[in-house]
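Derivation of every value follows stated rules applied to the coordinates shown; laboratory data play no part. All values derive from a computational prediction rather than experimental measurement. Note that we place each Cβ from the backbone using ideal geometry, even for glycine, and neighbour counts take in every protein chain shown.
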Amino acid sequence: MELPEMKYPLSREQLLDLYYFMRLTRELDEQLVRLFRQNKVVGGLYSSIGQEATSVGTAYTLEKRDWMAPMIRNVGGLLVKGFRPRDILMQYMARSGSPTGGKDGTSHFGDLQERHVVSPISMLGDLIPVMTGVAMGGRYLGQKLVTMTWIGDGGTSTGAFHEGMNLAAAQRAPFVCVVENNQWAYSTPVARQVPLHDLAERARAYGIASYVVDGNDVVAVYQTTKEAVERARRGEGPALVESKTMRMKGHAQHDAAVYVPPEMFEYWKARDPIARYETWLTERKVWDKKTKAEIERRIERELKEELEFAENSPLPEPEVAERGVYCEGCHTIEARWERPIEQLQPPKASVQAAWTVSDFGGTNGGGAAAKAHAPEAAEETKPAAVAAKAAAVSTRGANGGTKRSARAAARPKRRR
Ligand SMILES: Cc1ncc(C[n+]2csc(CCOP(=O)(O)OP(=O)(O)O)c2C)c(N)n1
Ligand SMILES: [Mg+2]
C-alpha cells in the first residue's frame with residue numbers, strides 16, 4: 001500500500017501480518033504467565049508485553065538469508081523468523097521436544113541451518129561482536145546478508161557493547177544493532193545509568209549512523225529499521241537504532257516492579273503498541289471488524305493446538321543430560337559459498353579496512369570516517385584549531401578579533 005508515511009511500502013497482507021505477529025506474541029506471553037502460575041514453567045519467565053512493536057517491527061525487515069540473535073524480550077522476532085509458539089512453550093516448560101531438547105529455557109535457542117538464528121548469550125553485550133563477526137563472514141562469502149541483534153538500555157553500558165560496536169564500525173560490517181530502550185534495567189531507570197537522553201547518541205562515538213524511533217509504533221519501527229538494514233546491505237556500514245518503548249512488567253515474573261511510578265505505567269499504557277496499531281489499521285481502512293475477528297480466531301485456534309502439543313511433549317530422559325556436552329559432529333556446518341572460491345582466497349579475499357585518515361591524523365579536517373558517515377556530527381565537532389581560526393577571521397571586522405570569542409567558538413558544539 002502506498003501510504004505517505006511509508007518509504008518502504010508494505011502490502012495489505014504484510015500490514016496484517018505485523019498485527020498477527022504482535023498479537024500472537026502478546027497472547028503467547030499471557031499464556032506463559034498462566035503456565036508459570038500452574039508451576040509448569042521451569043526457571044524464570046521474561047515478558048515482552050509493551051515491546052511487541054519493537055521486536056516484531058525490527059525482525060520483519062530481515063530477509064530469509066539474514067541472521068538475527070534474539071534476547072529474552074525478542075519472542076516476537078523469533079516468531080517472525082519462523083519459529084512456532086510450541087518451540088517457545090516447550091523451551092519454557094523444558095520439554096524434550098523443545099529446540100534445546102529440554103536442556104535450556106527461555107528464548108535460549110537458535111537455528112544455524114534454516115532460520116539463521118544465533119542463540120542468545122546471557123552476558124549482555126556479547127552478541128554484538130558475535131553478530132559483527134557473522135556479518136563479516138557473510139560478506140566474505142558474498143551473501144549480501146545483514147545481521148541484527150537487540151540490546152537493552154542497561155546492556156549498552158557494558159564493555160562488550162562498546163568493543164563490539166567499534167569493531168562493527170571499523171570493519172563496516174553489515175550489522176544493525178537495535179537498542180530496546182524500555183526505560184528500565186531491572187530496577188535501574190535509564191537516567192540513573194547514563195547521562196544521555198537518546199541512547200542513539202552513543203553511535204556518534206563510533207562514527208556510524210543512528211536512528212531514534214517511537215518503539216510503540218510498529219510502522220515507524222519497520223520503516224526506520226528497514227532504512228538501516230538496506231543501508232547496511234548496500235555496504236554503507238552498521239547502524240544503531242534506538243527504539244523507545246516501555247517494559248510493562250517487572251524484569252521477570254518474580255519482580256512486581258513496585259519501583260516503577262504508577263503514572264509511568266499509565267503514560268505508556270495509553271500508548272500500547274497493539275491498541276495503537278489497531279486504530280492505525282482502522283483509520284486507514286486496511287481492515288474491518290470481520291478481518292480483525294478472523295485474525296483473533298486464528299491465533300486462538302493456533303495457540304490451543306500449540307499448547308496441546310507442548311503439554312504432550314514429555315520431560316527429557318535423565319541420561320540426555322550427559323549427551324551433547326562435548327562435540328559429537330556438531331561442527332560440520334559448511335559455508336555456503338556464493339562467490340567462486342578463487343575469489344575468496346588470498347590475495348582477493350582480504351577486505352580492505354574501510355576507514356582512512358586523510359591528514360596523517362592531524363587536526364586539519366578530521367578523519368575521513370567521521371566525514372563520510374556522520375557529516376553533520378563531523379561538522380559540529382570540527383577540530384578546535386580549525387573552528388578557532390574561522391571564528392577569529394569572521395569576528396575580526398566587527399571587534400578586532402578577540403581571543404575570547406575565538407576560544408568560545410572553538411568549543412565543540414553539543415547536539416542536544
Ligand atoms: C554483563 C552482564 N551483567 C549483568 C547481567 C545480569 N542482568 C541480566 S538482565 C539485566 C538487566 C538488563 O537490562 P536491559 O539491558 O535494559 O534489558 P531489559 O531487561 O530491560 O530488556 C541484568 C543486569 C548480565 N546478564 N550480563
Ligand atoms: Mg531495559
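Modelled label-to-label distance, Glu278 and Lys40, 7 Å Cα→beta-carbon offset: nm?
Calculated label separation equals 2.6 nm.
Is region 12-322 rounded, prolate or oblate when judged by the Cα gyration tensor, a ≥ b ≥ c being the square roots of its eigenvalues, rounded requiring a/c under 1.5 and prolate requiring a/b larger than b/c? Don't skip to the end; give the middle numbers.
Values: a/c = 1.33, a/b = 1.19, b/c = 1.13.
Taking the square roots of the gyration eigenvalues as a ≥ b ≥ c, region 12-322 is rounded.
Applying 1/(1 + (r/R0)^6) with R0 = 51 Å to the Cβ-Cβ distance of Ser358 and Ala293, what FRET efficiency is obtained, to the nearest 0.05?
0.25
Using the reciprocal of the averaged 1/r over all distinct C-alpha pairs, how large is the Kirkwood radius of region 166-322 in Å?
19.2 Å
Past 27 Å, Cα to Cα: identify those pairs from Lys249/Lys285; Lys269/Lys289; Lys249/Lys304; Lys81/Lys226; Lys81/Lys304; Lys64/Lys285, in the order given. Can you show the working numbers first?
Values: Lys249/Lys285 32 Å; Lys269/Lys289 23 Å; Lys249/Lys304 24 Å; Lys81/Lys226 16 Å; Lys81/Lys304 21 Å; Lys64/Lys285 30 Å.
In this structure, Lys249/Lys285; Lys64/Lys285 lie more than 27 Å apart at Cα.
Grab the Cα-Cα distance for Tyr259 and Thr332, subtract it from 0.36 nm times how many residues apart they are, and report the gain in nm with one decimal.
21.4 nm
Compute the separation of the alpha-carbon centres of region 235-300 and region 49-121 and state it in Å as a whole number.
If you average the Cα positions of each part, the centres end up 19 Å apart.
Arranged by the count of other C-beta atoms within 10 angstrom, fewest first, what order do Trp67, Trp337 take?
Least crowded to most crowded, the residues run Trp337, Trp67.
Need the list of aspartates and glutamates near Lys40 for cross-linking: C-alpha distance under 13 angstrom, and skip anything on the same chain fewer than eight residues off.
Straight-line reach from Lys40, under 13 Å: Glu311.
How large is the charge dipole for region 138-228, taken about the Cα centre, if only the Cβ atoms of Lys, Arg (+1) and Asp, Glu (-1) carry charge, to the nearest 20 debye?
Computed about the Cα centre, the dipole is about 380 debye.
Take every DSSP beta bridge whose two residues both sit in region 12-322, then give the antiparallel share in percent to the nearest 5.
In region 12-322, DSSP labels about 10 percent of beta bridges as antiparallel.
Report, ordered by chain and residue number, the aspartates and glutamates lying within cross-link reach of Lys292, taken as a straight Cα distance under 15 Å and ignoring same-chain residues fewer than 8 apart.
Output for Lys292: Glu13, Asp17, Glu27, Glu278, Glu283, Glu300.
What number comes out for the charge environment of Glu63, summing +1 per Lys or Arg and -1 per Asp or Glu over other residues with Cβ under 10 Å away? Walk me through the numbers on the way to the answer.
Working: positive: Lys64, Arg65, Lys144, Arg233; negative: Asp66.
Summing Lys/Arg as +1 and Asp/Glu as -1 gives +3.
Work out the length of the dipole vector of region 12-322 about its Cα centre, built from +1 on the beta-carbon of each Lys and Arg and -1 on the beta-carbon of each Asp and Glu, and round it to the nearest 20 debye.
With only Lys, Arg, Asp and Glu charged at Cβ, the dipole is about 580 debye.
Of Leu79, Ser98, Asn39, which is farthest along the charge dipole of region 22-128 in the positive direction, counting Lys and Arg as +1 and Asp and Glu as -1 at C-beta?
Sorting the options by dipole projection puts first Asn39.
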